[in-house]
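Peer 1: Quick one: structure below, then a few questions.
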Amino acid sequence: MAHAAPASREVTRRPRTPDVFSPRTHAMAKVAVPVVLGLVYGYWAAAIRRDAGPVTGWNLLFGFVTALVFAVLFAAVWQVAPRLRREAHALLWFAFTGCAIGFLYSQSGESVLQSTGVGVGVGVGVFVAMFYRYYTHEDAAGRRLD
């Protein structure tokens, strides 16, 4: 009587997608992405605070300081978060996004409670999306499942 051969115990891995960008491009992106996002965020915050009034030196200073703080914090989160477990990884993005959106909303003159509510609401959405992504793309130790 013929028997089937035992199945191999080796886990087969899907091939990784090819990396189309050079290491130099990735290094430039580590600097360019936070700077560009910071400038957009700073302009957005300054425009909300200006409220269709004239552009002043204080408004420009506020925009650039906001851009600098956002870019530094974004770069730090972007570098630190992947080293964390998936729960803490998603929680860090929740905190960063919630604070960023809450701050922008507060510039419109709304109350602190309403700004906090909007920040927490957006942050919860980001947490759910990030946790789902990391839960489906990483194992419990945080290693990618590629």
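Peer 1: Can you tell me which of (1) in contact with a helix residue (DSSP H, G or I) (Cβ under 8 Å, 6 or more places away or on another chain); (2) open to solvent by 60 Å² or more (accessible area, probe 1.4 Å) is the one residue 90 doesn't meet?
Peer 2: (2)
Peer 1: Here are 114, 79: which of them is open to solvent by 30 Å² or more (accessible area, probe 1.4 Å), under 19 Å from residue 133 (Cβ atoms) and of a type in the set (S, T, N, Q)?
Peer 2: Of the residues listed, the single one that is open to solvent by 30 Å² or more (accessible area, probe 1.4 Å), under 19 Å from residue 133 (Cβ atoms) and of a type in the set (S, T, N, Q) is 79.
Peer 1: Determine whether the range 33-49 contains at least one residue that is open to solvent by less than 70 Å² (accessible area, probe 1.4 Å), modelled with pLDDT of 85 or more and of a type in the set (Phe, Trp, Tyr).
Peer 2: Yes, the range 33-49 contains a residue that is open to solvent by less than 70 Å² (accessible area, probe 1.4 Å), modelled with pLDDT of 85 or more and of a type in the set (Phe, Trp, Tyr).
Peer 1: Count, please, the residues in the range 53-78 that happen to be of a type outside the set (A, V, I, L, M, F, W, C) and free of Cβ contacts under 8 Å to residues at least 12 places away in the same chain.
Peer 2: Matching residues across the range 53-78 total 4.
Peer 1: Follow-up. Applying the selection to the range 121-138, what residues are open to solvent by 70 Å² or more (accessible area, probe 1.4 Å) and either out of contact with any strand residue (DSSP E or B) (no Cβ under 9 Å at 6 or more places or on another chain) or under 24 Å from residue 67 (Cα atoms) (or both)?
Peer 2: Within the range 121-138, 124, 128, 132, 133, 135 meet the criteria.
The values are calculated or read from the model by the stated rules, or taken from the named source; none is laboratory data. Since the model is a prediction, treat every value here as computed from it, not as a measurement. We place every Cβ from the backbone using ideal geometry, glycine too, and count neighbours over all the protein chains shown. Heavy atoms of the whole protein, side chains included, go into the accessibility calculation; ligands, DNA and RNA do not. Shrake-Rupley method; radii C 1.70, N 1.55, O 1.52, S 1.80 Å.
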